[in-house]
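**Student:** Input: one structure, supplied below.
The values are calculated or read from the model by the stated rules, or taken from the named source; none is laboratory data. If you're wondering where the values come from, they're calculated on a predicted model, not measured in any experiment. Note: ideal-geometry Cβ built from the backbone for every residue, glycine included; neighbour counts use all protein chains shown. The area values use the complete protein model at the heavy-atom level, side chains included, leaving out ligands, DNA and RNA. Shrake-Rupley method; radii C 1.70, N 1.55, O 1.52, S 1.80 Å.
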Amino acid sequence: TRGTFLTGRHYFRYGITHANRGHLPNQEITLARMLKSFGYTAGHFGKWHLGTLDPAYSGKPGRDPKRNYAPPWDRGYDATLATEYAVPTWDPTVGINGQTGERLDEPWACPYYENGELATENLDGCDSRVIMDRAVPFIQNAVENDQSFFTTIWFHAPHTPVVAGPEYRAMYADYSEDEQHYYGCITAIDDQVGRLYQTLQDLGVADNTLIGFCSDNGPEGKTGHDGRHRGSSGGLRGRKRSLFDGGVGVPALLNWPGHTEPGRTVTMPCSTLDYFPTIVDLMGYEMPDDRPIDGISLMPLIRGEMTERPRPIPYRFNSPKEAMFGAPTIAMI
């Protein structure tokens, strides 16, 4: 999902066939690189999941850290705080038993890297706050320097291991322990997104900032009624790891004052593949070559000029079976 968002290209084109397999090749044109050509500064904060962050280390067994080294600071970003994959959503450096939620004595095996160096400060407590604590100063600095900014803020919550802090659990004291952790994580994200909006308001740039929000896949767990995985698929069939709509279809939100109609609901299936070509269209960027772009611009949809998705043109991959694919529908905007 993250690769499709940044490039507008199907992940098979650059070898990310599964989670924690492959990496984002350096020759890909990312949103960060494209926008930097217009003078933007780019910041990434949170989960990266597009390659290793240390050529000598990966916490994933069997993964070659040197071969898959592809950190965000080598993919167009100026400021970063990143993890290779998921961390606990409370005290992210502390080990935890992902099945029972029990805290362990050893550290969690997925370190944070800040601007290319191992992070050691301000990593306690709410992981969503830890992430936003880096994003907010980045935005403030950009505005103070009269510079346009592009920011990916990729929360870990409510990905497993789902852990909420005491103040968030207390908000749901009447619920089961597992529900307290899950709902507490969701509330933590709400707090930090609200903090982001307030920061933009305080800086006077909220009306000139496009904010997109979506999940990367359907909810974890088999039912949504057991353990700490309480997410709903909205009645769609399947959940995370399924190719049914409940596994790949997720809601998404777009806030862009003066360009989007507040409260408008769109049911046309869209995709994370569409973010890149939409911003390309908005900026008037000219691609330097004829590499295939698998998404479409959503600018006509945003302007109210499109209600149905154009029929995708099948494209062929150089795989042994040379399977034919159409553009997948991942996000609902």
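**Student:** What residues qualify as long-range amide H neighbours of ILE296, i.e. H under 5 Å apart, gap of 5 or more or another chain, H built at 1.01 Å from N?
**Tutor:** Result for ILE296 returns ASP274.
**Student:** Okay, next question. Could you tell me the extents of segment 255-295's C-alpha atoms along the three principal axes, largest first, rounded to whole Å?
**Tutor:** Answer, in whole Å and largest first: 38, 22, 10 Å.
**Student:** For segment 152-299, what is the convex hull (Cα atoms) projected area averaged across all directions, in square nanometres?
**Tutor:** Details: hull surface 45.7 nm².
So the Cα hull casts an average projection of 11.4 nm².
**Student:** In whole percent, how big is the carbon plus sulfur part of the accessible area of the chain, probe 1.4 Å, protein atoms only?
**Tutor:** Percent of accessible area from carbon and sulfur atoms in the chain: 50.
**Student:** Moving on to the next point. With all protein chains present and a 1.4 Å probe, how do THR93, THR265 order by accessible area, largest first?
**Tutor:** THR265, THR93
**Student:** From Cα coordinates alone, what are the radius of gyration and Dmax values for segment 171-254 in angstrom?
**Tutor:** 15.8, 44
**Student:** Between segment 219-298 and segment 1-68, what is the separation of their alpha carbon centroids in Å?
**Tutor:** The two parts, judged by their Cα centres, are 19 Å apart.
**Student:** Give me the orientation-averaged projected area of the Cα convex hull of segment 228-284, in nm², one decimal.
**Tutor:** So the Cα hull casts an average projection of 5.7 nm².
**Student:** Could you tell me the extents of segment 102-222's C-alpha atoms along the three principal axes, largest first, rounded to whole Å?
**Tutor:** Over segment 102-222, Cα extents along the principal axes are 47, 33, 27 Å.
**Student:** For segment 157-211, report the convex hull volume of the alpha-carbon atoms normalised per residue, in Å³, without decimals.
**Tutor:** Numbers: hull volume 4.7 nm³, N = 55.
Considering the Cα atoms of segment 157-211, their hull volume per residue is 85 Å³.
**Student:** Before I look further, what does segment 45-111 give for accessible area per residue, probe 1.4 Å, in whole square angstrom?
**Tutor:** For segment 45-111, the solvent-accessible area averages 43 Å² per residue.
**Student:** Summing -39500 (n - 2.57) over the DSSP H runs of n ≥ 4 in the chain and dividing by its residue number, what mean residue ellipticity at 222 nm do you reach, to the nearest 500 deg cm²/dmol?
**Tutor:** -7000 deg cm²/dmol
**Student:** If I take the Cα coordinates of segment 52-114 and project them onto the principal axes, what are the three extents in Å, biggest first?
**Tutor:** Cα extents, longest axis first: 38, 27, 16 Å.
**Student:** Would you mind classifying the chain by shape? Square roots of the alpha carbon gyration tensor eigenvalues, ordered a ≥ b ≥ c; an a/c under 1.5 is rounded, otherwise it is prolate if a/b is larger than b/c and oblate if not.
**Tutor:** Rounded is the answer for the chain, as its axis ratio a/c remains below 1.5.
**Student:** List the pair-distance distribution P(r) of segment 117-177, using every Cα-Cα distance, as the percent of pairs falling in each 5 Å bin from 0 up to the bin containing the longest distance, rounded to whole percents.
**Tutor:** Here the calculated profile for segment 117-177 is 4, 14, 18, 19, 17, 12, 8, 6, 2, 1.
**Student:** Which value does Rg/Rh take for segment 1-98 over its C-alpha atoms, Rh per Kirkwood? Don't skip to the answer; put the middle values down first.
**Tutor:** Numbers: Rg = 13.9 Å, Rh = 14.2 Å.
Rg/Rh for segment 1-98 comes to 0.98.
**Student:** How large is ³J(HN,Hα) for each residue in segment 295-300, as worked out from phi by the Karplus curve 6.51 cos²θ - 1.76 cosθ + 1.60 (θ = phi - 60°), to whole Hz, x for Gly and Pro?
**Tutor:** Residue by residue, segment 295-300 yields x, 10, 6, 9, 4, x Hz.
**Student:** If you take every residue apart from TYR275 with its C-beta less than 13 Å away from the C-beta of TYR275, what net charge results, scoring Lys and Arg +1 and Asp and Glu -1? Please report the intermediate quantities before stating the final value.
**Tutor:** Numbers: positive: ARG2, ARG9; negative: ASP216, ASP274, ASP281, ASP294.
Residues near TYR275 contribute -2 overall.
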